[in-house]
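What follows draws every value from the coordinates through simple rules; no lab data is involved. In this text, all values refer to a predicted model and were calculated from it rather than measured experimentally. Note that we place each Cβ from the backbone using ideal geometry, even for glycine, and neighbour counts take in every protein chain shown.
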Amino acid sequence: MCRNIRVLYNFEPPSTDGDIRAAASQYVRKVSGFAKPSAANERAFSRAVDDIARATSTLLESLVTTAPPRDRAVEVARGHERAVRRFGV
């Protein structure tokens, strides 16, 4: 799993289209091995990002939970605390 792809489900406020597209782009970059595709591969790269973003949106809209939504600020703070423990200051 790409470390830069974050959980998008069950947050308040909900994940935006930009969040979903960024995760899709990160996934396609990881799978393809291209940080930025060549001009010859740009169309295929963009189509893959669009397809994955659409599938991700469909997934997120279909999921159900009884758990209360998580707060993004709290999750960011927890991530920062983990990084400090792992890497120091």
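Pop a pseudo-label 7 angstrom from the Cα along the beta-carbon direction at both A44 and H80 and give the gap in nm to one decimal.
In this crude label model, A44 to H80 measures out at 4.2 nm.
Contact order normalised by length for the chain, with contacts defined as Cα pairs under 8 Å and 6 or more residues apart; what percent is it?
Here the relative contact order equals 37 percent.
Take the Cα atoms of the chain, build their convex hull, and give its volume per residue in Å³.
122 Å³
Note down the net charge around D71, summing +1 for each Lys or Arg and -1 for each Asp or Glu among other residues with Cβ under 13 Å from its Cβ.
Around D71, the surrounding residues sum to +1.
Of the residues G79, G33, G18, which exhibits the maximal mean-square fluctuation in a Gaussian network model of the chain defined by a 10 Å Cα contact cut-off?
Result for the chain, Cα springs under 10 Å: G79 fluctuates most.
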